[in-house]
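Presented below is the structure to which this report refers.
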Amino acid sequence: MRERVVALRDEIDKLLSERSTAVGQVVNLDSSDKQYLSAEENVLKDFRDLGLVEFSKLYIDSRKRHSARDITTIGTLAVCATGIFPGAFGVLNGIKHTNPKQIGGGGIGFLISGATLTAAPVLIHGGAAITAKVAGERLSKQLGEVQCKTTDKLAEDTKLLTQILNAKAQENNIQPRTETYQVMGKLLEDRSEFLKKEKKYQKREMIESFISYAAKGGPQIAFGTCVARAGYRYNRNPYKLFKGVAQGATANEASWAIWMLDTVQKQTRNEIKNYKEAHATVQPAFSQTNEELKKLEASIGH
C-alpha cells in the first residue's frame, strides 16, 4: 500500500511539473493569467498534500489497531494460561493431594493472572503508540514533508483562486473547475472532521479500558492474594485455609460480574452506534454514498 501511494505521489508530482513547464512555455500570458495559474497550482499542491496527510493518518491508525489487536490476543492468552495452569490446576491438585502449600501456589497463579489483566491497557496502548511512532517515521521518510497539513490552507488558497477568477470575469470558461475544487475541499474538510471525532472516540475508549481492566483485574489480584496467603500461612489450620479461599472467591465474583456487564454495555453501544449510522440522513465522510463524493464524481465527469 505504501509503495502504491508513493507511486501515485510521484505521478502527481510529474504531472504538476509538466504543467508548470507548459505554463512557462506559453507566450502572451498577462500578469493576471500567470497569477491565476500560479494560484491554481497552489490549490492542486494542497490537494496532493492533504491526500498524503489523510493516508498517513489512516495508515498509522491501521497499524495501531493491528498492534493493539495482536497484543490483546497475547495478553488474553497470558491471563488465561496463568489463571488456568498455575492457578486453577494448582488449587485443584492441592485439594486432591491435601497439600495446602500447593493451594497457595495456585493463588500465585491467579495473582499473576490478575496483575497481567490489570496491566493490559498499558501494554496494549503503549505497544500501539510505539508501533504508530515507528510507522509514522517510516512513512514520513517515504512520503517526505508536506507543505499543506490542514484544510485551512486549502480554504485560503481556494478563496484566493476564486477572487482572481472573479476579477478576471472569465467564469464561463473556468468556473466548473473551481466548483470542483470547492467540492473536493468540502469533502476533505468533512473527512478531516470525521478523523478528529474518531480520534476523540479512541481516546475515550482508551480511558475506559484502563478503568474496566483495573475493575476486572483488581478482584482477581485480591483472589490470588487470599488463596496464596491461606495456603502458605494456614497450611495447618483447614478452617482458616478454606475461609481464606472462600473470601478470595467472593472477591473474584466481582471481577466476573464486571466482566459480563462490560461486555453487555460494549455490545449495546456498538449496536446503537451502528443503528444511528445506518439511519443517518447525512452519510459519513468515508461512505461511497456521501453526497459530496457524488458531486465530485459528477463535476469531474462534466
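Nearest 0.05, what FRET efficiency do N237 and V122 give at R0 = 41 Å with Cβ-Cβ as r? Please report the intermediate quantities before stating the final value.
Numbers: r = 38 Å, r/R0 = 0.93.
For R0 = 41 Å, the calculated efficiency reads 0.60.
With respect to the cross-link table entries K64/K186; K196/K273; K64/K216; K57/K199; K57/K141; K45/K149, which display a Cα-Cα separation exceeding 21 Å? Please list the in-between numbers first.
Details: K64/K186 28 Å; K196/K273 17 Å; K64/K216 24 Å; K57/K199 10 Å; K57/K141 15 Å; K45/K149 11 Å.
Too far apart for the 21 Å limit: K64/K186; K64/K216.
Please get the size of the charge dipole for region 72-230, origin at its Cα centre, with Cβ charges of +1 on Lys and Arg and -1 on Asp and Glu, quoted in debye to the nearest 20. Provide the component values of the computation, followed by the final result.
Numbers: 20 positive and 13 negative charges, 115 e Å.
I would put it at about 560 debye.
Any chance you could run the full-extension gain for L29 through N270? It's 0.36 nm times the residue separation minus the Cα-Cα distance, nm to one decimal.
Between L29 and N270, full extension yields an extra 80.9 nm.
Rounded to the nearest 10 degrees, what's the angle between the helix 151-168 long axis and the longest principal axis of the chain, both from Cα atoms, 0 to 90?
The answer is roughly 10 degrees.
Which Cα, out of Q182, V122, A135, lies furthest along the positive dipole direction of region 118-219 (beta carbon charges, K/R +1, D/E -1)?
Positive-end residue among those listed: V122.
Explain nothing, just the number: dipole magnitude of the chain about its Cα centre with +1 on each Lys and Arg Cβ and -1 on each Asp and Glu Cβ, in debye rounded to the nearest 20. Provide the component values of the computation, followed by the final result.
Working: 43 positive and 34 negative charges, 464 e Å.
Using only the charged Cβ atoms, the result is roughly 2220 debye.
Summing -39500 (n - 2.57) over the DSSP H runs of n ≥ 4 in the chain and dividing by its residue number, what mean residue ellipticity at 222 nm do you reach, to the nearest 500 deg cm²/dmol?
Result for the chain: -31500 deg cm²/dmol, rounded to the nearest 500.
Please name whichever of P100, N28, G51 sits farthest to the positive end of the charge dipole of the chain, dipole taken about the Cα centre and charges placed at Cβ: Lys and Arg +1, Asp and Glu -1.
With unit charges placed on the Cβ atoms, the residue in question is P100.
Determine the gain in length on full extension of the stretch T263-I74; use 0.36 nm per residue of separation and subtract their C-alpha separation, reporting nm with one decimal. The partial results should precede the final answer.
Working: separation 189, 0.36 × 189 = 68.04 nm, distance 1.92 nm.
Taking T263 through I74 to full extension adds about 66.1 nm, to one decimal.
Can you give the angle from 0 to 90° between the axis of helix 100-143 and the longest principal axis of the chain, with both taken from C-alpha atoms, to the nearest 10?
Long axis of 100-143 versus the principal axis of the chain: about 10 degrees.
Ranking Y232, Y213 by Cβ neighbours within 10 Å, fewest first, what do you get? Intermediate results must be reported in sequence, preceding the final value.
Numbers: Y232 16, Y213 21.
Least crowded to most crowded, the residues run Y232, Y213.
So what is the relative contact order for the chain, in percent, with contacts set as C-alpha pairs under 8 Å and at least six apart? Walk me through the numbers before you get to the answer.
Numbers: 303 pairs, mean separation 69.2, N = 302.
Relative contact order here is 23 percent.
By how many nm would the segment from S140 to I12 grow when fully extended, if each residue of separation counts as 0.36 nm and the alpha-carbon distance is taken off? Walk me through the numbers before you get to the answer.
Numbers: separation 128, 0.36 × 128 = 46.08 nm, distance 1.76 nm.
Length gained, S140 through I12: 44.3 nm.
Using the Kirkwood radius over C-alpha pairs as Rh, can you work out the diffusion coefficient of region 118-229 via Stokes-Einstein at 37 °C, viscosity 0.692 mPa s, in µm² per second? Walk me through the numbers on the way to the answer.
Details: Rh = 18.9 Å.
The diffusion coefficient I find is 174 µm²/s.
Which percent of the Cα-Cα distances in the chain go past 26 Å?
On the way: 28653 of 45451 pairs.
Roughly 63 percent, rounded to a whole number.
Please tell me the relative contact order of region 53-113 in percent, rounded to the nearest whole number, where contacts are Cα pairs under 8 Å and at least six residues apart.
Working: 51 pairs, mean separation 19.6, N = 61.
This gives 32 percent for region 53-113.
How large is the charge dipole for region 35-102, taken about the Cα centre, if only the Cβ atoms of Lys, Arg (+1) and Asp, Glu (-1) carry charge, to the nearest 20 debye?
Details: 9 positive and 7 negative charges, 151 e Å.
About 720 debye.
At each listed q (0.13, 0.29 Å⁻¹), what is the log10 of I(q)/I(0) that the Debye formula gives for region 33-100 modelled as equal alpha-carbon point scatterers?
Scattering profile of region 33-100, log10 relative to I(0): -0.65, -1.08.
With 5 Å bins from zero, work out the P(r) of region 1-53 over every alpha carbon pair and list the percent per bin.
Final binned percentages: 4, 18, 24, 22, 14, 10, 6, 2, 1.
How far, in degrees from 0 to 90, does helix 2-25 lean away from the longest principal axis of the Cα atoms of the chain, to the nearest 10?
20 degrees
Readers should treat all values here as calculations from the given coordinates under stated rules, not as data from a laboratory. Quantities reported herein were computed from a predicted structural model and do not represent experimental measurements. Counting neighbours? That spans all protein chains shown, and the Cβs are built from the backbone with ideal geometry, glycine included.
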